[in-house]
Amino acid sequence: MPSAVKILIAGGFGAGKTTMVSAVSEIAPLSTEELLTEAGIDVDDLAGIENKLTTTVALDFGRITLNDRAILYLFGTPGQGRFWFMWDELAYGAIGAVVLADTRRLETCFPSIDFFEKRDVPFVIAVNCFEGAARYETAEVREALDVGEDVPIALCDARDRESAKEVLVTLVEYVLSRQTLARATM
């Protein structure tokens, strides 16, 4: 029986979490996308993402079979603060997380970073390179997000399966390196 490996895909509202899970999942992803309504006008900040029409209201779920011994289960988190009460449950048992960052709204990924740092959950930053958005070097993103040199930062296109897979590989390698380091210091 294969081992289940749980990974979270987190980030701010509109960063591309649903898109990433959809791009990389081998199954039709479970998505709880709902249309944005007038009720959210004063709640959801659409600055920089004015064309966004839907939002995740619970989670996204996808799967990747690595081999006969391991299956990755991907859980996309909702981005708005009013849904963060679910994050502790979603994070339970996760080996790590991808924090998707949108450079047009970089501040929206701070809550995700804080969440994982406070719980000592390993994470990588994946800068989703949106068309028309300014491009920054990873060192500039690191400084703006105030994350340590040990936290991997990758540029990606959340719509592209290979790009999304590379981010997941980066996360798994990071988690394994932290485990190896922890064992070596015991």
What length, rounded to one decimal in nm, is gained on full extension from E162 through to E26, with 0.36 nm per residue of separation minus their alpha-carbon distance? 47.7 nm
Sites E173 and D120, calculated FRET efficiency, Cβ-Cβ separation with R0 22 Å, nearest 0.05: 0.75
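Read-outs: derived from the displayed coordinates by stated rules, not from any lab. The structure displayed is predicted, hence computed values, not measured ones. Because the Cβ atoms are built from the backbone with ideal geometry, glycine has one as well, and the counts that use them run over all protein chains shown.
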